[in-house]
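Take a look at the structure below.
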Amino acid sequence: MYKYERIVYWSEEDGAFVVEVPELPGCMADGETVGDAIANAEVVIREWLEVAKERGQEIPEPKGRLIYA
């Protein structure tokens, strides 16, 4: 499991749970359940990192929690 922050929420528009990974621009996934969405996010994070490496892009270091309530 990657150590990037994930934000999970229900999207009425999509009819699914959505996971956004704010430290990786454009990285998000969805699923019918929270568990599915998180599992899908793990796949998308791995793929995002692979593509960034292939392109020679800088890989952000996980910072953990970015937003405080």
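Table: residues versus (1) among the acidic types (D, E); (2) open to solvent by less than 20 Å² (accessible area, probe 1.4 Å); (3) touching a strand residue (DSSP E or B) at 6+ places or on another chain (Cβ under 8 Å); (4) at pLDDT 95 or above.
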{"site": "Y4", "(1), (2), (3), (4)": "no, yes, no, no"}
{"site": "M28", "(1), (2), (3), (4)": "no, no, yes, yes"}
{"site": "G31", "(1), (2), (3), (4)": "no, yes, yes, yes"}
{"site": "V34", "(1), (2), (3), (4)": "no, no, yes, yes"}
{"site": "E47", "(1), (2), (3), (4)": "yes, no, no, yes"}
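Taking the options G56, G64, name whichever one is out of contact with any strand residue (DSSP E or B) (no Cβ under 9 Å at 6 or more places or on another chain), small (G, A, S) and at pLDDT below 95.
Selected residue: G64, the only one of G56, G64 that is out of contact with any strand residue (DSSP E or B) (no Cβ under 9 Å at 6 or more places or on another chain), small (G, A, S) and at pLDDT below 95.
Can you find even one residue in the stretch 38-45 that is open to solvent by 80 Å² or more (accessible area, probe 1.4 Å) and not hydroxyl-bearing (S, T, Y)?
Within the stretch 38-45, not a single residue is open to solvent by 80 Å² or more (accessible area, probe 1.4 Å) and not hydroxyl-bearing (S, T, Y).
The values are calculated or read from the model by the stated rules, or taken from the named source; none is laboratory data. None of the values given here were measured: they were computed from a predicted structure. A quick note on method: Cβ atoms are made from the backbone with ideal geometry, for glycine too, and the neighbour counts reach across all protein chains shown. Side chains are part of the model used for accessible areas, which takes the heavy atoms of the whole protein and leaves out ligands, DNA and RNA. Shrake-Rupley method; radii C 1.70, N 1.55, O 1.52, S 1.80 Å.
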